[in-house]
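Asks: Here's a structure for you.
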Amino acid sequence: MNDDRSFFEELANKKEGEDPVPPLEGEAAFAKSSAQELRTRELDEMANDDEGQLTIDVYQTADMVIVESPIAGVEEKDLDIDITSDTVTIRGKRERERRIREEDYIYQECYWGKFSRSVVLPTEVDADRAEATIKNGVLTVKLPKLNRLKAKKLRVQKGE
């Protein structure tokens, strides 16, 4: 029995004398976050190997989820954004204006060509009301949150 206890304490990274494990709310939040990260990774792995991965920031306000990404050198016509109630995928391409021979590079850190990024959102969003803008080389996608708990008034109409 002591062996079982040691095993589970080790699994939980808990040592004797330390504070107890965080409350269930924290564990549930961590589990949800981990599941979202795993699903996001799976979506990104499905992307073609010939594509670069877009860097993004995702944050939220009380009524929006916002995705921002530096996409300097990308034209609006070369972007494709797909939104579902719980995911957003951004695809595009960054084209060079001129061809440079491989042996002429001293450093090559910029990605040129096709790129994509998919992310699982922390809450449901209203894809129909989403907006995307580019300003100073930064793409901003605003995704209004859905509030399924909010009551909606429905008017009864006279039937025919």
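Asks: Which is under 22 Å from residue 57 (Cα atoms), modelled with pLDDT under 95 and in contact with a Phe, Trp or Tyr (Cβ under 6 Å, 6 or more places away or on another chain), of 117, 94, 129?
Replies: None of the other options fit; the residue is 94.
Asks: Only one of 125, 88, 119 is in contact (Cβ under 8 Å) with a residue 40 or more places away in the chain, surrounded by 10 or more Cβ atoms within 10 Å (Cβ to Cβ) and touching a helix residue (DSSP H, G or I) at 6+ places or on another chain (Cβ under 6 Å). Can you tell me which? Steps first, please.
Replies: Values: 125 fails: touching a helix residue (DSSP H, G or I) at 6+ places or on another chain (Cβ under 6 Å); 88 fails: touching a helix residue (DSSP H, G or I) at 6+ places or on another chain (Cβ under 6 Å).
Going through 125, 88, 119 in turn, just one is in contact (Cβ under 8 Å) with a residue 40 or more places away in the chain, surrounded by 10 or more Cβ atoms within 10 Å (Cβ to Cβ) and touching a helix residue (DSSP H, G or I) at 6+ places or on another chain (Cβ under 6 Å): 119.
Asks: Quickly run through the stretch 65-78 and pick out the residues that are of a type in the set (A, V, I, L, M, F, W, C) and at pLDDT 95 or above.
Replies: Those that are of a type in the set (A, V, I, L, M, F, W, C) and at pLDDT 95 or above: 65, 66, 67.
Asks: Identify all residues within the stretch 30-62 that are in a loop (DSSP other than H, G, I, E, B) and either at pLDDT below 85 or surrounded by 11 or more Cβ atoms within 10 Å (Cβ to Cβ) (or both); write none if there are none.
Replies: So in the stretch 30-62, the residues in a loop (DSSP other than H, G, I, E, B) come out as 47-51, 54-56, 61-62.
Within the stretch 30-62, 47, 48, 49, 50, 51, 54, 55, 56 qualify.
Asks: Here is a follow-up. Can you report the number of residues in the stretch 95-116 which are crowded, with 17+ Cβ neighbours inside 10 Å and either over 18 Å from residue 140 (Cβ atoms) or hydrophobic (A, V, I, L, M, F, W, C) (or both)?
Replies: Applying the first criterion (crowded, with 17+ Cβ neighbours inside 10 Å) to the stretch 95-116 yields 115-116.
Still in the running and either over 18 Å from residue 140 (Cβ atoms) or hydrophobic (A, V, I, L, M, F, W, C) (or both): 115.
Qualifying residue count, the stretch 95-116: 1.
Asks: Quick check on the stretch 67-118: of everything there that is among the small types (Gly, Ala, Ser) and assigned to a strand (DSSP E or B), which residue is farthest from the chain's Cα centre (by Cα)? Show your work before the answer.
Replies: Of all residues in the stretch 67-118, those among the small types (Gly, Ala, Ser) come to 69, 72-73, 85, 92, 113, 116, 118.
Then keep just the ones that are assigned to a strand (DSSP E or B); that gives 69, 92, 113, 116, 118.
Numbers: 69: 11, 92: 16, 113: 21, 116: 11, 118: 6 Å.
Ranking the qualifying residues of the stretch 67-118, first place goes to 113.
The values are calculated or read from the model by the stated rules, or taken from the named source; none is laboratory data. Since the structure is predicted, the reported quantities are computational estimates derived from the model, not experimental observations. We place every Cβ from the backbone using ideal geometry, glycine too, and count neighbours over all the protein chains shown.
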